[in-house]
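One structure is given here, and the rest of the page talks about it.
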Amino acid sequence: MGDDDQEVEAAIAHLHEPHDQAVGQRLNWLRAGVLGANDGIVSVAGVVVGVAAAAPGNVAAIATAGIAAVAAGAFSMAGGEYVSVSTQRDTEKALIAKEIRELKEMPEEELAELAGLYRQRGLSAELAQQVAEELTAHDALAAHAEVELGIDPEEFTNPWVAALSSFLAFTIGALIPFVMILLPIGSPIIATAAAVVIGLLLTGLISARLGGAPVLPAIMRNVLMGSATMAATYLIGLLFGVAVG
Ligand SMILES: [Zn+2]
């Protein structure tokens with residue numbers, strides 16, 4: 001049992017080794033970071049703008065709500081990421097363990113299976129057989145992991161690293177509205193909205209560039225969604241403030 005477990009761990013580490021995927025891996029991290037920051041900007045902007053609309057000038061209330069929103073969001077993002085990466089890793093481990101066993105116990109069926117999968121992808125029977133044989137000789141498990149299990153070597157595998165990164169990314173984004181709303185100026189809501197729009201322009205731009213998507217629609221969607229969030233919580237805050245005050 002212990003040996004099997006070690007074998008599975010080693011196999012997974014090998015599958016996710018940064019061969020030539022180093023660039024793809026870095027892009028994945030960057031993309032996740034930008035998304036986390038975007039979340040931080042939008043959700044904390046929504047909270048502080050709503051509270052500021054309900055209780056204008058009440059710095060203590062705004063700061064308290066803001067800090068609670070930053071903490072709650074950062075922990076919830078980190079926890080969600082931890083759970084999702086852990087679960088994915090467990091699934092992957094189970095699949096790999098099964099595959100290792102099958103490769104040991106019935107190598108011929110596995111070779112035929114691999115060739116079949118390449119035929120399904122459009123190769124001729126002859127070529128599929130040749131590809132399957134050569135890949136099996138080279139690294140049978142890697143071939144099955146990719147073609148049969150669809151395991152992406154660029155995916156994150158460490159739940160703690162994933163959790164910490166989302167925590168940081170969310171917090172960095174969240175600090176934009178949190179700091180702006182507390183500036184001792186005439187209209188902090190307008191200043192916050194302006195800073196948030198600039199932040200969303202940037203995150204929209206960067207994620208579009210990273211994903212190779214057209215930049216303008218991505219930016220417009222991102223700014224529109226964030227602005228709609230702020231407008232909604234502003235109105236709710238206003239109504240609530242009137243009702244309570
Ligand atoms: Zn297989």
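Summary of computed values
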read-out	value
Filtered residues of the stretch 94-140 (kept if more than 10 Å from the ligand (Cβ to nearest atom) and in a loop (DSSP other than H, G, I, E, B))	ARG121, GLY122, LEU123, SER124
Tabulated pairs, the stretch 149-165, first at pLDDT 85 or above, second part of a loop (DSSP other than H, G, I, E, B) and away from the ligand (no atom under 16 Å from the Cβ), C-beta under 8 angstrom, 6+ apart or interchain	ALA162/PHE156
Residue that is in a helix (DSSP H, G or I), exposed (fewer than 13 other Cβ atoms within 10 Å of the Cβ) and out of contact with any Pro (no Cβ under 6 Å at 6 or more places or on another chain), where the choices are ILE206, ILE185, ILE190, ILE172	ILE190
Every pair of residues 6+ apart whose Cβ atoms lie under 7 Å, when the first sits in the stretch 1-13 and is farther than 14 Å from LEU95 by Cβ and surrounded by 10 or more Cβ atoms within 10 Å (Cβ to Cβ) while the second is at pLDDT below 80 and not β-branched (Val, Ile, Thr)	none
Matching residues in the stretch 209-245 - criterion: being within 27 Å of PRO56 (Cα to Cα) and outside any helix (DSSP H, G or I)	GLY245
Test: GLY33 is farther than 30 Å from ALA243 by Cβ, more than 16 Å from the ligand (Cβ to nearest atom) and within 27 Å of the chain's Cα centre (by Cα)	yes
Residue within the stretch 63-84 that is surrounded by 15 or more Cβ atoms within 10 Å (Cβ to Cβ), more than 25 Å from the chain's Cα centre (by Cα) and free of Cβ contacts under 8 Å to residues at least 40 places away in the same chain present	yes
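The values are calculated or read from the model by the stated rules, or taken from the named source; none is laboratory data. In this text the structure is predicted, and so the values were computed from the model without any measurement. All Cβ positions, glycine included, derive from the backbone under ideal geometry; neighbour counts span all protein chains shown.
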